[in-house]
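Below: the structure, in structure tokens.
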Amino acid sequence: MPRNWHTPLSLILSALVLPLCASAANSFENTAIVRTVELGGALVHVTTTYAVKALEDGSSVYTLALGEQEHAHTSWLEAKLKGQAEVLPLEDFGYHPDSGVFLYTVELPKALNTNGTANLVVETVQTHATFPWPQEAAQKDPQSLKYNAELFVISPYKTLVQRTKIRAPTTTVHSYTEPEDVAFTTDAVVTKAGATITYGPFHDIPASASQDFVDTKQKQVTVHYTYDHPVIEVKKLERAVEISHWGANLNVDNTMVFYNAGPRLKGHFSRLEYQTQNYFGRGAAHMLPGINLILPAGIHSAYYYDLVGNVSTSHLRTAPSVPKGPNSNAYSLLELRPRYPVMGGWNYSFTLGWDSPLQDYAGYDKSTGKHIVGVPLMTVIPTAVVDEAEITLILPEGATDIEYFTPYPALSERISNHITYLDTIGRPKITLKYKELTDKHTGNIYVTYKVPFRAHLQKPLAVAMAFLGVFAIALTWRRVDTRIRRK
Amino acid sequence: MALLTLDYTQALHKATPPFAPFIPVALLPYIAFVLLGATFALAFYFSTLPKDKIPVRELAVASTASLLGGFGVVAMFCNAGVYL
């Protein structure tokens, strides 16, 4: 699960936390936990606020627990102190078979003394947590999704009060679970106000990060709601970033497979129905006619083609080039329209790429001779989830001393050789594989490398050798007599 | 391969002067034209040279033409959009 990666805590600290949750439960107490779930299509944003109170001096490591079901869907996890922008170091302690939970530790910036309090805000993004219900819909039917969650927020510490708020995108909520036999409460378990469904408050929950709690006390809740936008899933993304020093160019090539994860189309696609909907401006919610992508400023020579050929139903509005650095807000807008509207259950694969000036992404430090390049991890598609991503960075021929920084830990990383036009020994290629990327994965990949001057000359010299070969053949040819001599 | 930290790389990326190629990209089409034209002319001249026992002159002309051709082809590739 890709998330912010920070240097691990010391072994001593991990030895203190790793033993059973019961021993970790002694140093903190949750005075209040509020979990807010923002329901969406492919992505669900969950913000959990923990009001913690330290029970002993010097408490600085807080342990978070995620149940199996929640962990399976979580693909982005970030912890901050309320009101502060600094992201806190997070350490993954993995699955605990005896308690059946996944543990994470957060390092608070300042250790708390006894009865010291802090407000911890943990944001997560869940992918594949919703599914269409009904699973099939005709062309003009509305789209509804169901979301499953666990009722209680589990924690290795005792909780005084907790509540869960589930916010649907519209007020049209078809149904929501009203759980029975819920412990820890005497009032009504669930209330609905507008688009928000509140479960709780639940009082005096003991340390709940254990299999026993999950088996006996935990309840499942399901919310069935309408969703008025297409649910976009990118099944596979292959992104290649190629750096050229001769042409001072950075080429980005994305091959994507779009999948509409909404309700499957029932019946056949009626072009007449589609045109009628377009004419009256009432497109079906689960239809994906096109998507607007935000691309970097300064791009040129963009290409968009699929298996059939060039797709001309798109419009690119470019912004002028901006110098490198994270300061600019300028962007280019691509209004991408596939050949056909992507209905529920349909796929569409295409290749989108562009060239951009290398000076907008790369810097050169003369004193160390190092080049540093920073490229975005991927072109973020709002509200879409990327199931599998393979990101490659192709460096110039002869690059050495390659070091790179990935904003999120990759599933696999390797450096291999890539051969392309006019290469002799090939270029180093960094391949990173990711799973379940969301619109929160907006980090940059940074690579530093050195290219000696003679490596730049390799290409012209290779071509020169080829020319010389032709001249050598010409030299010998002139001196060979191929006439059929008359005796 | 070593992994860097976010703060260090971000600061380094921001602070370093932007990349500048040895040959400005705007000049590449003209350089390609001149070099490839020279290669063609030298190749033609090569074909008119007399056949000596030790082909010193032919080899000199051939080497110059090849070298100019090498750079010219690379410039032409970049000009055509195949950024090497």
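Every number here is computed from the coordinates shown, using simple stated rules; none is lab data. Keep in mind that this is a model prediction, so the values were computed, not measured. FYI the Cβ positions are ideal-geometry reconstructions off the backbone, even for glycines, and counts take in every protein chain you see.
Please list the equivalent ellipsoid semi-axes of region A:276-334, computed as the square roots of five times the alpha-carbon gyration tensor eigenvalues, in descending order and whole angstrom. Intermediate results must be reported in sequence, preceding the final value.
Values: eigenvalues 170, 55, 17 Å².
Semi-axes from the Cα gyration tensor: 29, 17, 9 Å.
Quick one: helix A:458-479 against the long Cα principal axis of chain A, what's the angle to the nearest 10°, folded into 0 to 90?
Compared with the principal axis, the helix lies near 30 degrees.
Which of the lysines could a cross-linker span from residue A:429 if the Cα-Cα distance has to be under 19 Å and same-chain partners fewer than 8 positions apart are dropped?
Within the straight-line cut-off, residue A:429 pairs with A:370, A:450, A:459.
State which helices in chain B qualify, where a helix is a whole DSSP H run, it must extend 24 Å or more along its own axis by its Cα atoms, and its mean Kyte-Doolittle hydropathy must be at least -1.0.
On the way: long enough: B:28-48 (30 Å, 1.69); B:56-80 (35 Å, 1.29).
Membrane-span-like by this criterion, though nothing is claimed about a membrane: B:28-48, B:56-80.
Would you compute, from DSSP H runs of 4+ residues alone, the mean residue ellipticity of chain B at 222 nm, taking -39500 (n - 2.57) per run and dividing by the full residue count, rounded to the nearest 500? Mind showing how you got there, number by number?
Working: 3 runs with 56 residues, N = 84.
Per the formula, -22500 deg cm²/dmol.
Report, as an integer, the average count of C-beta atoms from other chains found within 10 Å of each Cβ along B:36-46. Walk me through the intermediate numbers first.
On the way: counts 0, 0, 0, 2, 0, 0, 1, 4, 0, 0, 4.
Mean inter-chain Cβ contacts per residue within 10 Å come to 1.
Rounded, prolate or oblate: which fits region A:201-329, taking a ≥ b ≥ c as square roots of the Cα gyration tensor eigenvalues, rounded meaning a/c under 1.5, else prolate when a/b beats b/c? Don't jump to the answer; show the numbers that get you there.
Details: a/c = 2.58, a/b = 1.39, b/c = 1.85.
Since a/c reaches 1.5 but b/c is at least a/b, the shape of region A:201-329 is classed as oblate.
So what's the net charge close to residue A:256: Lys and Arg +1, Asp and Glu -1, counting the other residues with Cβ under 13 Å from its Cβ?
Details: positive: A:235, A:236, A:239; negative: A:233, A:238, A:253, A:306, A:387, A:388, A:390.
Neighbourhood net charge equals -4.
Calculate I(q)/I(0) for region A:395-477 by the Debye formula, one identical point scatterer on each C-alpha and no solvent, and give its log10 at q = 0.22, 0.23, 0.25 Å⁻¹ to two decimals.
So the normalised log intensities work out to -1.05, -1.09, -1.17.
Report, largest value first, the span of the C-alpha coordinates of the protein assembly as shown along each principal axis, in whole Å.
Cα extents, longest axis first: 118, 67, 47 Å.
Which of the three applies to region B:15-62, rounded, prolate or oblate, going by the alpha-carbon gyration tensor with a ≥ b ≥ c and a/c under 1.5 meaning rounded?
On the way: a/c = 10.68, a/b = 2.72, b/c = 3.93.
Because a/c hits 1.5 or more and a/b fails to exceed b/c, region B:15-62 counts as oblate.
Could you sort the peptides A:266-276, A:210-220 by per-residue average Cβ neighbour count (10 Å cutoff), highest mean leading? Show your work: numbers first, answer last.
Working: A:266-276: 12.2, A:210-220: 14.9.
Highest mean packing first, the order is A:210-220, A:266-276.
Quick one: which of A:291-300, A:223-232, A:182-191 comes out on top by average Cβ neighbours within 10 Å, and what's the full order, highest first?
The packing order, highest mean first, is A:223-232, A:291-300, A:182-191.
Using Cα-Cα distances under 8 Å and only pairs 6 or more residues apart, what relative contact order does region B:28-84 have, in percent?
Details: 49 pairs, mean separation 30.6, N = 57.
After rounding, I find 54 percent.
Could you please report the charge total around residue A:201, scoring K, R as +1 and D, E as -1 over all other residues with beta-carbon less than 9 angstrom from its beta-carbon? Please list the in-between numbers first.
Working: positive: A:163; negative: A:187.
Summing Lys/Arg as +1 and Asp/Glu as -1 gives 0.
Please give every one of the lysines within straight-line cross-link reach of residue A:235, meaning a C-alpha to C-alpha distance under 21 Å, and leave out same-chain neighbours fewer than 8 residues apart.
In chain and number order, the partners are A:146, A:433, A:435, A:440.
Work out the mean other chain Cβ neighbour count within 10 Å for the residues of A:451-463 and drop it here as an integer. Each step should come with its number before you reach the end.
Numbers: counts 0, 0, 1, 0, 0, 3, 3, 0, 6, 12, 5, 3, 9.
Average per residue, whole number: 3.
Run down the aspartates and glutamates and flag those whose C-alpha is under 17 Å from the C-alpha of residue A:219, throwing out any fewer than 8 positions away in its chain.
In chain and number order, the partners are A:68, A:70, A:150, A:178, A:180, A:181, A:187, A:204.
Suppose every K and R has +1 on its Cβ and every D and E has -1 on its Cβ; what is the size of the dipole of the protein assembly as shown about the Cα centre, in Debye to the nearest 20?
3100 debye
Compute the angle between helix A:271-280 and the longest alpha-carbon principal axis of chain A, please, reported from 0 to 90 degrees and rounded to the nearest 10.
70 degrees
What does the average come to when, for each residue of peptide A:470-476, you count the partner chain Cβ atoms lying within 10 Å of its Cβ?
Working: counts 5, 11, 5, 0, 5, 7, 1.
Rounded to a whole number, the mean comes out at 5.
Taking K and R as +1 and D and E as -1, what net charge do the other residues with C-beta under 13 Å from the C-beta of residue A:336 add up to? If you can, show how the numbers build up before the last one.
Details: positive: A:317, A:337, A:339; negative: A:306, A:335.
Taking every other residue near residue A:336 into account, the sum is +1.
Report the dimensions of region A:3-226 along its three principal axes from the alpha-carbon atoms, largest first, rounded to Å.
Principal extents (Cα only, largest first): 60, 39, 35 Å.
Enumerate by residue number the GluC sites (Glu not before Pro) in region A:80-120 meeting two conditions: DSSP loop (anything except H, G, I, E, B), and at most 13 other Cβ atoms within 10 Å of the site's Cβ. If you can, show how the numbers build up before the last one.
Numbers: sites: A:86, A:91, A:107; in loops: A:86.
Those that pass, being in a loop and sparsely packed, are A:86.
Going by amide H atoms built from the backbone, whose H comes under 5 Å of the H on residue A:349, apart from near neighbours?
A:258
Once you sort the root eigenvalues of the Cα gyration tensor of region A:78-174 as a ≥ b ≥ c, which label holds: rounded (a/c under 1.5), prolate (a/b larger than b/c) or oblate (the other case)? Please list the in-between numbers first.
Values: a/c = 2.47, a/b = 2.05, b/c = 1.20.
In terms of gyration-tensor shape, prolate.
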